[in-house]
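S.K.: First the structure, which I've put down as structure tokens, then a few questions once you've had a look.
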Amino acid sequence: MCGLIKKGFFTTSDKARIYYEDRGEGDPILFVPGHMCTAKFYVKNAEELEKTHRVICIDNRGFGSSSKPLHGNDVERHADDIKELIDYLGLKNVMLLGWSLSGSIVVTYAHKYKCHALKGLGLIDACLFPFSHEEWNTYNCKNYDMDAWNKKYVLWHTNIEQYVNNFVSRMDEYLSSEEVQTVKDEIMKTPPWIGFALHSDWIHTDADKLLKDITVPVIIFSGQSLGHGYAMGRHYKKEVRTYCELHEYDKGGHLLFYVEHKTFNRQLREFLAKIG
């Protein structure tokens with residue numbers, strides 16, 4: 001039944017409390033949010049896709065309504081959380097999508113657990129190895145530039161208002177003032193010390209090298225914004241050995257799935273029909 005959202009928490013094996021929202025019926029679509037972001041960012045996708053699918057959206061550990069543990073704030077443990085949630089809910093034939101930093105999380109999950117319970121994998125404007133020196137990498141700490149990373153993220157504890165404004169500036173041209181405030185409210189729920197731990201692990205994690213081992217179909221959504229360019233998505237498509245689609249967006253920037261939600265939802269539905 002559309003419109004009914006089941007909300008809850010599950011406890012991981014290392015005692016983190018993960019918040020999730022569960023709606024609709026059918027083969028499941030599991031959305032994992034980007035760094036500091038939450039299930040609320042997927043509202044325009046979940047409201048439409050629940051008409052034909054079961055849609056689960058989570059807050060990663062440390063984000064949003066999930067608990068704020070001082071342990072497990074790394075890419076692999078976040079992938080383990082996905083495995084435990086899938087098993088907890090008894091999900092099968094899952095379409096798993098990760099936005100931004102969580103692209104590395106879902107690829108790590110697919111590799112570590114050999115695509116357990118998956119029907120497909122989705123990357124939403126993701127950078128899979130921010131430290132890479134390769135030409136496809138447009139992230140601002142390319143080629144192991146830790147000084148650039150420190151310069152950017154030191155603001156998180158020295159001038160948090162400026163840091164939040166910098167983050168929102170990548171999206172605000174597409175959002176109303178109310179939506180901008182919602183983004184600010186949601187990302188402020190992640191304490192800096194937790195965000196630092198996860199983000200610093202992510203930039204060292206080479207998930208790009210894992211793409212060749214994925215055994216389920218893959219869909220890639222790629223936009224143009226600071227740190228993320230079309231070259232990333234085009235490179236990933238070449239690395240994937242299974243059926244793969246690449247969709248490029250000239251509007252929406254890093255928030256393409258929200259701004260262009262009608263196009264995104266349609267393309268995801270069409271992909272699921274092809275692989276179903």
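What follows is calculated from the coordinates using simple rules that are stated; it is not laboratory data. Bear in mind that the values here come from a model prediction, so they are computed numbers and not experimental data. Cβ sites come from the backbone with ideal geometry, for glycine too, and all protein chains shown count toward neighbours.
S.K.: Using 0.36 nm per residue of separation minus the Cα-Cα distance, give me the extension gain between residue 170 and residue 275 in nm, one decimal.
M.R.: Result: 34.5 nm gained on full extension.
S.K.: I need the trypsin sites (Lys or Arg not before Pro) found in region 215-276, filtered to DSSP loop residues with at most 16 other beta carbons within 10 Å of theirs.
M.R.: When the trypsin sites (Lys or Arg not before Pro) of region 215-276 are filtered for loop state and at most 16 Cβ neighbours within 10 Å, 241, 251 remain.
S.K.: Using a Gaussian network model of the chain with C-alpha springs under 10 Å, which one of 205, 158, 38 is most mobile by mean-square fluctuation?
M.R.: The residue with the greatest mean-square fluctuation here is 158.
S.K.: Measure off 7 Å from each Cα along the Cα-to-Cβ vector at residue 225 and residue 178, then give the distance between these two points in nanometres to one decimal.
M.R.: The answer from the label model is 2.1 nm.
S.K.: Ok, one more. Take the alpha carbon atoms of region 87-147, find their center, do the same for region 168-236, and report the distance between the two centers in whole angstrom.
M.R.: 10
S.K.: Also, quick follow-up: Treating only the Cβ atoms of Lys and Arg (+1) and Asp and Glu (-1) as charged, compute the dipole magnitude of the chain about its Cα centre; round to the nearest 20 debye. Before the final figure, lay out each step's value.
M.R.: Working: 34 positive and 37 negative charges, 115 e Å.
So the magnitude is around 560 debye.
S.K.: What is the distance, in nm, between label points placed 7 Å from the Cα along the Cα-to-Cβ direction at residue 154 and at residue 263?
M.R.: 3.9
S.K.: Moving on to the next point. For the chain, with the dipole built from +1 on Lys and Arg beta-carbon atoms and -1 on Asp and Glu ones, taken about the Cα centre, which of 120, 159, 66 lies farthest toward the positive end?
M.R.: Value: 120.
S.K.: Out of region 1-102, which trypsin sites (Lys or Arg not before Pro) are coil in DSSP terms and have no more than 12 other C-beta atoms within 10 Å?
M.R.: Filter output for region 1-102: 15, 92.
S.K.: Okay, moving on. Within region 103-212, which GluC sites (Glu not before Pro) sit in a loop by DSSP and count at most 12 neighbouring Cβ atoms inside 10 Å?
M.R.: 134, 135
S.K.: Along the charge dipole of region 5-275, pointing to its positive end and built from +1/-1 on Cβ of Lys, Arg, Asp and Glu, which listed residue (268, 252, 33) has its Cα farthest out?
M.R.: 268
S.K.: Given the -39500 (n - 2.57) contribution per DSSP H run of 4+ residues, what per-residue ellipticity at 222 nm results for the chain, rounded to the nearest 500 deg cm²/dmol?
M.R.: -11500 deg cm²/dmol
S.K.: Sequence neighbours fewer than 8 away in the same chain don't count; with that in mind, list the lysines whose C-alpha is under 16 Å from residue 152.
M.R.: 142
S.K.: Just one of (1) 46, 39, 38; (2) 53, 51, 49; (3) 53, 40, 39 is Cα extents along the principal axes in Å calculated from these coordinates, so which is it?
M.R.: (1)
S.K.: Send over the per residue convex hull volume for region 80-126, Cα only, as a whole number of Å³.
M.R.: Roughly 57 Å³ of hull volume per residue.
S.K.: Here's something else I'd like to know. From the cross-link list 237/262; 184/238; 15/209; 68/237; 7/189, which pairs have alpha carbons spaced over 28 Å apart?
M.R.: Those over the limit are 184/238; 15/209; 68/237.
S.K.: What is the dipole size for region 193-276, taken about its Cα centre, with +1 at each Lys and Arg Cβ and -1 at each Asp and Glu Cβ, in debye to the nearest 20?
M.R.: Values: 11 positive and 10 negative charges, 62 e Å.
The calculated dipole for region 193-276 is roughly 300 debye.
S.K.: Charges on Cβ only, +1 for Lys and Arg, -1 for Asp and Glu, centred on the Cα centroid of region 138-271; of 168, 223, 207, which one is farthest towards the dipole's positive end?
M.R.: Towards the positive end, the residue furthest out is 207.
S.K.: Moving on to the next point. Find the relative contact order for region 1-124 and round it to a whole percent, using C-alpha pairs within less than 8 Å whose residues are 6+ positions apart. Working shown, then result.
M.R.: Numbers: 253 pairs, mean separation 31.4, N = 124.
Once normalised by length, the contact order is 25 percent.
S.K.: Using Cα pairs under 8 angstrom and six or more residues apart, how large is the relative contact order of the chain, in percent?
M.R.: Answer for the chain is 19 percent.
S.K.: For every other residue with a beta carbon closer than 11 angstrom to the beta carbon of residue 8, add +1 if it is Lys or Arg and -1 if Asp or Glu, then tell me the sum.
M.R.: After counting each charged neighbour, the total is +1.
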